[in-house]
Each structure stands twice: as structure tokens, then as C-alpha cells.
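The values are calculated or read from the model by the stated rules, or taken from the named source; none is laboratory data. The shown structure was predicted, so the numbers you read here are calculated from the model rather than taken from an experiment. No Cβ is skipped: glycine too gets one built from the backbone with ideal geometry, and neighbour counts run over all protein chains shown.
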Amino acid sequence: MCLAIPGKVISIKESSDEIFKIGIVSFDGINREVNLAMVPEVQLNDYVLVHVGVAIQTLDEEEAMKTMEYLKELEDLNEELGPDINQEGIDEGDKN
Amino acid sequence: MSDRKFTLQCPMPELDFEVVTLGHGSGGKLTNDLLDKGVFSLFQNDALQQRHDGAFLDIQGKIAFTTDSFVINPIFFPGGNIGELSVNGTVNDLAMCGADPKYISLSLIIEEGMRIDDLWEVLAGVKVSAEAAGVQVVTGDTKVVEKGKGDQVFINTTGVGITHPAVDFSMDRISPEDVVIVSGPIAAHGMAIMSVREGLTFESDIISDTRPLHEITSSLIDKYGKDIKLLRDPTRGGVATVLNEVAKFSRVGIELNEYRFPVDTQVKAACEMLGLDPLYVANEGIFLAVVKKDIAQQALSTIQSHRYGRQATIIGEVQEENPGKVFIKSKIGGRRVVGMLAGEQLPRIC
Amino acid sequence: MKYLEEFRNEKQVKKLLNDIHSIVTREWSIMEICGGQTHSLVKNGILNLLPGEITMVHGPGCPVCVTPIGMIDRAVELALKKNVIMCSFGDMVRVPGSEMSLMKSKALGADIRIVYSPLDALKIARDNPDREVVFFAVGFETTAPANALSVIQAAKSGLRNYSILTSHVLVPPAMEAILSDEETRIDGFLAAGHVCAIMGSEEYEPITKKYRVPVVITGFEPVDLLHGIKSCVEQLESGKSELDNQYKRVVRRAGNQEAQSVIFEIFEVGDREWRGIGMIPSSGYHVKEKYSDYDAIRKLDVVAVDGKENPDCMAGLILKGLKKPHECPLFGNKCSPSNPQGAPMVSSEGACAAYYHFGYEPE
């Protein structure tokens with residue numbers, strides 16, 4: 001469950017008690033105060049996964065890049081192979 | 001309250017009271033004080049200055065007549081206030097009737113204890129928006145209710161306008177192959193309100209899109225007349241709600257394309273964060289037009305030539321299949337129904 | 001948005017669909033656990049793009065749907081108390097209890113406030129020192145750290161007017177309950193990526209071994225889901241039953257240790273009732289005795305109630321994946337989002353609401 005989206009940490013406010021550590025996380029320009037207690041290793045400009053106002057995990061950007069590269073390869077492979085093997089039920093998105 | 005942009009344009013006079021009291025609504029001297037210094041000093045026109053119980057209007061043509069009440073909370077939000085909303089809302093209702101808005105009434109129900117400088121900002125908002133829209137506030141009413149029985153101020157505006165002779169809007173006229181156009185980016189107003197709602201607040205540059213649309217609608221009817229089948233502004237319930245109504249009452253299907261919907265980046269991000277679908281979020285400064293296919297591209301250009309229509313796009317078309325239903329093709333190539341919501345869309349965690 | 005939009009790539013979606021179509025040779029039932037996964041599958045129109053041999057079964061991963069009706073009744077009772085401010089996530093307020101939902105109780109004078117975060121509820125408590133603030137703390141493991149955090153912060157700040165009404169449920173026991181049910185025929189699972197972000201992938205390894213089913217952890221975007229489905233089908237076609245983490249950018253084997261220690265500071269595992277399913281042992285979190293001052297049930301006077309369900313509602317069968325929403329006789333006529341008979345129709349994540357909203361016709 002659960003609706004959690006990745007955002008960039010643009011400021012961190014340290015606290016004497018980690019439990020109260022907060023930061024501002026930006027989601028494409030939407031800035032929200034987010035609790036950072038559960039991501040103690042977080043640095044400025046890191047990406048974190050935010051769920052109900054709390055950062056629940058840091059995004060592993062290396063893993064994300066690996067996944068995106070692998071998916072890009074798939075995409076390129078698809079183009080090399082030509083038209084789709086199975087067209088049934090697949091609509092062409094109209095991008096005009 | 002953040003900025004007082006309207007007060008800056010219409011400076012508040014010296015007043016010897018700081019808050020509105022029950023006495024100000026009782027009809028006596030205090031009421032006159034409030035009206036004289038508040039309302040009449042702001043709205044200078046012949047009809048209102050007569051101070052009759054009603055206004056005499058000389059109007060030729062088919063009259064369009066509409067009313068709307070505004071009970072929003074908070075009354076100040078990024079991009080505007082309830083005053084501005086109440087003018088543009090009624091102006092736009094008249095625009096959707098294909099009419100040129102002329103006169104509005106202004107009825108205020110003020111909560112005891114409302115600060116007079118807040119009230120002034122709201123009234124100044126009414127004045128500035130009325131001037132921008134070219135309408136006059138010709139009559140009105142003021143009441144004060146006990147503290148706790150209102151949200152600072154409720155406003156009702158009723159408007160009259162002159163219907164363009166070429167207008168022929170009707171759900172019955174909508175037919176397969178008609179094209180659906182949206183005049184601008186969606187979901188801005190609703191998300192601007194969300195950004196200041198207790199419990200959901202976030203910082204952003206999102207502002208309400210409240211603005212008058214009648215100049216654009218007038219051009220459309222001037223140029224294309226009957227080929228404009230319907231105009232609707234998707235306020236509460238958003239684009240999805242209006243299109244469902246159209247599909248139902250016209251007994252047609254509507255096919256939309258997710259690719260084509262203009263949505264501002266920050267509005268989209270805010271929707272992602274709260275788990276809201278922009279199709280159901282309120283708008284105050286855009287309209288939907290259902291137009292004949294032959295003139296769709298030109299109609300689009302006409303809208304885009306206006307400053308409030310620059311981001312207009314064709315978002316879909318009417319079809320014979322699946323009458324009463326609205327479908328959308330998702331960006332990844334799938335297809336789903338866009339249904340009616342049972343109630344207000346609420347932020348979700350899942 | 002970065003790390004979100006990239007996983008909605010249309011070309012990649014098409015490639016993955018092609019792959020799935022080309023590798024599948026027989027019928028398979030795959031359960032996606034999480035309501036967020038269901039929502040994404042339906043919203044993006046993916047269900048109709050999959051080959052007919054694959055049946056996606058919608059699991060009980062909607063915390064709103066599985067909150068027992070008696071718990072909602074308790075929330076309503078609390079909300080109607082004069083001095084109480086009841087704070088809740090948005091999706092919870094419309095779920096009907098035996099008599100009414102929290103939303104309807106507003107009309108009777110209850111002070112209900114929708115919040116995005118439990119920390120917002122804490123702020124309301126600080127701003128209203130003379131009122132008793134209760135936060136309706138529902139959720140799976142993903143939400144437990146945030147809910148627990150609000151209690152830790154309250155305790156550390158000496159805030160006395162805040163408590164949580166807890167209805168937390170856990171995924172692995174639910175999966176085991178489903179797999180142990182003789183009537184179930186689920187061949188593979190898509191596990192919930194955000195639950196796993198907290199708890200780690202390791203808790204699913206015993207399940208794959210014990211029940212010999214493949215479990216693939218996925219994210220929620222179309223590419224993530226399709227990649228997960230492809231991986232699951234590949235395993236099924238080759239007779240494998242392994243744990244596969246396809247959400248590595250967020251899920252680590254041990255999960256988030258800080259989040260887990262926050263959870264276990266406040267909560268302990270205990271039995272929980274699941275709406276529509278019944279009691280599942282060790283399937284929920286309860287507030288520890290040490291923090292009983294922050295447990296609304298122990299702190300405030302709340303009567304334990306069982307709650308009355310509509311006997312015709314087949315939520316349980318749907319949540320266990322034994323029936324589809326449009327196979328229910330109430331679907332679309334007596335039961336709809338404006339008049340829900342059971343929880344899966346109320347929450348927009350619930351299978352019934354998703355099916356209704358996105359256009360499935362009753363059978």
C-alpha cells in the first residue's frame with residue numbers, strides 16, 4: 001500500500017533529537033516539510049520516498065539508473081524487432 | 001492573510017470600527033456606515049448610487065440570467081479571494097450561456113466578528129474583478145449573522161447578460177465526431193485551495209485560475225455560431241463530472257486522450273502527492289467546448305489567440321459507441337472508463 | 001516527476017506486454033497484494049492489455065477496506081464525544097460503520113479533520129490544548145512508522161491530549177492465510193513494494209519456500225508492474241518459486257532498520273480482525289502497554305463493539321481473491337460508491353470501487 005512518491009531533499013533542519021529531524025522535500029516544485037528521522041544518512045539533493053509526510057527510504061539512485069538503463073535497452077530492442085508481435089488490445093497512444 | 005493585492009489597488013478609507021458586528025446588519029446607522037464607507041465608496045455607478053431597493057436596467061435582447069453562491073473556506077487562497085471568485089463565477093456562467101455579461105447583484109452574509117480589513121479586501125476583489133470583466137454591481141444586500149454561523153462571509157451573485165443571437169447550445173445537438181476542446185490547464189484552482197487547507201498544506205507556486213472567460217466565448221460564437229454546440233465550465237467535480245453529464249444527457253459516448261490534457265507541472269506533482277486525479281479537481285478559469293469537427297482546428301486557434309486560452313487543446317471526441325460513458329486512453333496505451341464520483345474526491349494513503 | 005515518469009514509458013510498456021504475451025503458455029492466477037497496485041493496473045488500463053491466460057486477482061492490501069466495522073464504530077463514537085477532534089486520512093472517512101461513517105457523523109456535530117500525515121494531527125493537538133485529539137491510525141507496515149513516530153514525538157514533547165486509534169495490519173500473515181485456504185488458487189504474488197521498503201524483502205523468503213509460490217516485489221508504475229508480472233510468469237512457466245526483488249531502487253533485503261525500530265518502540269505484534277476475512281493470528285500491531293496513554297482505546301472510554309456487516313456483502317471472498325467484484329449480486333445495483341455495502345466499494349483502492357469506477361459491468 002501505499003501512496004509514496006519520490007522527492008528531492010532541498011533543505012535539512014537538524015535537531016538535537018533525531019526523531020524531530022525535518023527537511024523540505026521538493027516534488028517538481030511542490031515543497032513540503034517531511035520528517036527525516038528514518039533516513040538518518042540522507043544528504044542534500046538525495047531523493048527520498050515520502051509517505052504521509054515521512055521519508056520512509058532513500059532512493060538508491062544507482063539501482064534506479066541500472067533499472068532505467070535496462071528498460072531503455074528493452075525499448076531499443078523493441079524498435080529493432082519492428083512492429084509489435086501482438087497488437088491485440090494495444091492502442092496506439094495519439095500524441096498530437 | 002498573505003498579500004492584500006486588492007486593497008493596494010483600492011486603499012481602505014479610515015473607519016472607526018475594526019470588526020463587523022450584528023449592529024452592522026440591523027438596518028440602522030451602523031448598517032449605513034458599513035454600506036456608505038464600504039460598499040458605495042467602492043462601487044460607483046448610477047444604478048447603485050440611486051440606493052433603491054432594486055436597479056432599473058435597460059436591456060435589449062434575449063436575457064441570460066444566472067445565480068451562484070460562494071461558501072468557500074478559506075476565503076483567501078493563493079491567487080485570489082472569495083470576492084473575485086464570486087464575480088468571475090457568475091460572469092462565466094453567463095459566458096457558458098453564450099451571453100455577454102452586463103450586470104450583477106451582490107449579496108453578502110457576513111459573520112459577526114469578521115475583520116473589516118478582510119471584508120474590504122474581499123469587496124475590493126469584487127470591484128477589481130467586476131471592472132476587469134466589464135460588469136457593474138447594480139444592486140445588493142448585506143446581512144450579518146452570529147459568530148459561528150458562517151465562514152467569515154458567504155456571497156451570492158446573480159447576473160444578467162445579453163445572449164448572442166447566434167447561440168444554439170443544446171445537449172441534443174451534440175453528435176458523433178464532434179470535438180471536445182479544453183481552454184486551458186486543468187486542476188489549478190482545486191489544488192490552490194488544497195495547498196492552504198488545514199492538514200494538507202504544502203508550499204508551491206500554484207494559484208487559482210479564477211478569471212473571466214466571456215471574451216473568448218464571445219469570439220467563438222461570433223465566428224462559428226451554431227457550430228459551437230455547447231460550452232460548460234468544469235467547476236466543482238472537474239472535467240470528468242461535466243463530461244459525464246454531457247455524455248449522459250446527450251446520449252453519446254466521449255473518448256478522451258490523456259496525452260492531450262494540459263496540466264501544470266506543479267499541479268500534477270501536488271495531485272501525485274495527495275493521490276488525487278486531476279480530472280476531478282475543481283477549476284475556475286477554463287471551459288470545455290463541444291464543437292463541430294469541421295471548425296475544430298480554427299476554433300482551437302481562436303481560443304489560443306486569447307491570453308486566457310493559450311494552452312487550449314483538443315482533448316477528445318464524441319462517438320456513437322458506448323452512449324452515456326466517457327473513456328480515456330491512458331498514456332501507456334490502455335483504456336478505461338472515467339466515471340462519476342460519488343462525492344468529493346479526498347486525498348488517499350493507498 | 002523524476003523516478004516516477006520514467007516508469008510510465010509507453011514503449012517499454014509495449015515491449016513488456018509483448019514479452020508477456022509471447023512467454024505465456026497456460027493459465028495463471030497472480031495476486032497483486034496492494035490496493036495501490038490494483039489502482040494502477042485498473043487506472044492505466046493494463047488489465048485489458050494482458051493475455052487472457054493471466055488472471056490478476058486483487059488481494060486484501062487495502063488497509064481502509066480491511067479495517068473492521070467495529071473499529072469504525074469506535075471511531076464514530078469517539079468523534080461524537082464533545083471534546084474530541086477526530087483526525088483521519090481522507091480515504092477512511094467515508095467507510096460506513098454499522099450506523100454511519102465518520103463523514104456522516106460530521107452532520108451530527110462531530111469534529112472530523114482530514115490530514116495528510118499523522119504529524120499534522122499532532123500539530124492540531126498542539127494548537128488545541130483543551131481538546132482531545134485522536135488520530136485514526138490505519139495502515140499496513142508502510143504507514144506504521146509514521147503513526148508510531150507521532151506517538152514518540154507526542155511522548156517526548158509531553159503532549160497529553162493526543163492518542164491513536166490503531167487498526168494496523170500486516171501483509172505476510174494475510175498472504176499465509178490466503179495460501180492456507182483450500183479454496184484459493186493463486187499461483188504467484190506481486191508483493192507490495194512500499195511495505196517491503198520498510199520491512200525488507202527477507203520476510204517473504206519463508207513464504208516462497210513453504211508454499212512454493214513465486215513472489216515478485218514490484219513498484220506501482222505501469223512499467224514496474226508489467227516487469228513484475230513478466231518476471232512472475234517467467235518463474236511460473238519454468239516451475240520456479242523464488243523471491244524476486246524488482247523494486248531495488250527502494251527495497252533492500254533488510255528493509256529500513258530505523259523505521260522498524262520506530263515501529264517496535266510503540267507497537268507489538270498481536271492478533272487482528274480483518275473485515276471480510278476474520279481473525280488472522282499475529283497479523284496486526286497493538287500499542288504497547290508502555291504507551292497506553294497514547295492508545296485511544298485504553299485512554300478514552302470506548303465500548304468494544306463487534307459491528308454488523310451486511311450478510312449479502314461478499315467482501316471476504318473478493319479480498320481473498322475467490323470472486324471478482326462484478327460477480328457479486330449486489331455490484332452496481334444495491335452496492336455502489338454512493339451506497340456502499342462493504343468496504344471494498346468505499347475506498348477507491350478497494351477492488352469493487354476500482355471495478356465500478358473504471359467501468360466493469362455487473363455479470
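Summary table below
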item: Unique match (being in the same structural domain as B:Ile206 (by TED's automatic domain parsing) and farther than 22 Å from C:Met1 by Cα) among B:Arg310, B:Arg260; result: B:Arg310
item: Members of segment C:58-104 that are crowded, with 24+ Cβ neighbours inside 10 Å, away from chain B (no Cβ under 14 Å) and not in a helix (DSSP H, G or I); result: C:Pro68
item: Criterion: among the hydrophobic types (A, V, I, L, M, F, W, C) and buried (at least 19 other Cβ atoms within 10 Å of the Cβ) - qualifying residue of C:Leu300, C:Leu317, C:Leu243; result: C:Leu243
item: Residue list for segment C:292-351, restricted to those being assigned to a loop (DSSP other than H, G, I, E, B) and among the β-branched types (Val, Ile, Thr); result: C:Val302, C:Val303, C:Val305
item: Of residues in segment C:170-182 being assigned to a helix (DSSP H, G or I) and within 12 Å of another protein chain (Cβ to nearest Cβ), the one farthest from C:Met279 (Cα to Cα); result: C:Val171
item: Scan of segment B:199-216 for residues that are away from chain C (no Cβ under 14 Å) and either more than 10 Å from B:Gly309 (Cβ to Cβ) or of a type outside the set (Val, Ile, Thr) (or both), ordered by number; result: B:Asp205, B:Ile206, B:Ile207, B:Ser208, B:Asp209, B:Thr210, B:Arg211, B:Pro212, B:Leu213, B:His214, B:Glu215
item: Any pair with Cβ under 7 angstrom, 6 or more apart, that starts in segment B:307-334 at a residue that is facing chain C (nearest Cβ under 9 Å) and ends at one that is of a type in the set (Val, Ile, Thr) and buried (at least 22 other Cβ atoms within 10 Å of the Cβ); result: B:Phe327/B:Val338; B:Ile328/B:Val338; B:Ile332/C:Val13; B:Gly333/C:Val13; B:Gly334/C:Ile46
item: Helices (runs of 4 or more DSSP H) lying entirely in segment B:1-95 (those with 2 or more residues that are surrounded by fewer than 15 Cβ atoms within 10 Å (Cβ to Cβ) and in contact with a Gly (Cβ under 6 Å, 6 or more places away or on another chain)); result: none
item: Residue tally, condition among the aliphatic types (A, V, I, L, M) and in a loop (DSSP other than H, G, I, E, B), over segment B:151-180; result: 3
item: Candidate set: segment B:296-350, residues that are among the hydrophobic types (A, V, I, L, M, F, W, C) and assigned to a strand (DSSP E or B); chosen: the one farthest from C:Phe7 (Cα to Cα); result: B:Val318
item: Any hit, segment C:221-235, residues being at pLDDT 95 or above and more than 19 Å from C:Thr38 (Cα to Cα); result: yes
item: Residue in segment A:73-86 that is touching a strand residue (DSSP E or B) at 6+ places or on another chain (Cβ under 8 Å) and either modelled with pLDDT under 95 or farther than 30 Å from C:Glu32 by Cβ (or both) present; result: no
item: Complete set of residues in segment B:251-269 that are among the small types (Gly, Ala, Ser) and either modelled with pLDDT under 95 or assigned to a loop (DSSP other than H, G, I, E, B) (or both); result: B:Ala269
item: Index of the failed condition, B:Tyr280 passing every other in (1) more than 9 Å from chain C (Cβ to nearest Cβ); (2) farther than 22 Å from A:Cys2 by Cα; result: (2)
item: So B:Ser175, is it surrounded by 22 or more Cβ atoms within 10 Å (Cβ to Cβ), in contact (Cβ under 8 Å) with a residue 40 or more places away in the chain and in contact with a strand residue (DSSP E or B) (Cβ under 9 Å, 6 or more places away or on another chain); result: no
item: From B:Arg211, B:Arg197, B:Arg260, residue being in contact (Cβ under 8 Å) with a residue 12 or more places away in the chain and either touching a helix residue (DSSP H, G or I) at 6+ places or on another chain (Cβ under 6 Å) or not charged (D, E, K, R) (or both); result: B:Arg211
item: Subset of segment A:35-62 [charged (D, E, K, R) and either more than 7 Å from every other protein chain (Cβ to nearest Cβ) or in a strand (DSSP E or B) (or both)]; result: A:Glu41, A:Asp46, A:Glu61, A:Glu62
item: Selected residue (criterion: surrounded by the fewest Cβ atoms within 10 Å (Cβ to Cβ)) from residues of segment C:2-29 that are modelled with pLDDT under 90 and more than 7 Å from every other protein chain (Cβ to nearest Cβ); result: C:Glu5
item: Residue in segment C:290-310 that is among the aliphatic types (A, V, I, L, M) and either within 14 Å of another protein chain (Cβ to nearest Cβ) or closer than 20 Å to C:Gly321 by Cβ (or both) present; result: no
item: Whichever residue in segment C:183-231 is within 13 Å of chain A (Cβ to nearest Cβ) and assigned to a loop (DSSP other than H, G, I, E, B) and, among such residues, is surrounded by the most Cβ atoms within 10 Å (Cβ to Cβ); result: C:Gly219
item: Count - residues of segment C:117-136 that are part of a helix (DSSP H, G or I), more than 16 Å from C:Gly90 (Cβ to Cβ) and among the charged types (D, E, K, R); result: 3
item: Members of segment C:108-133 found to be within 14 Å of chain A (Cβ to nearest Cβ), free of Cβ contacts under 8 Å to residues at least 40 places away in the same chain and of a type in the set (A, V, I, L, M), listed by number; result: C:Ile114, C:Val115, C:Leu119, C:Ile124
item: Positions within segment B:215-245 being among the aliphatic types (A, V, I, L, M), assigned to a helix (DSSP H, G or I) and in contact with a helix residue (DSSP H, G or I) (Cβ under 8 Å, 6 or more places away or on another chain), in sequence order; result: B:Ile216, B:Leu220, B:Val239, B:Ala240
item: Identity of the residue in segment B:181-195, more than 13 Å from chain C (Cβ to nearest Cβ) and either among the polar types (S, T, N, Q) or not in a helix (DSSP H, G or I) (or both), that ends up farthest from B:Gln311 (Cα to Cα); result: B:Ala187
item: Residue that is under 24 Å from B:Leu22 (Cβ atoms) and either modelled with pLDDT under 95 or hydrophobic (A, V, I, L, M, F, W, C) (or both), where the choices are B:Val153, B:Val138; result: B:Val153
item: Residue check for A:Asp28: within 15 Å of the chain's Cα centre (by Cα) and facing chain C (nearest Cβ under 9 Å); result: yes
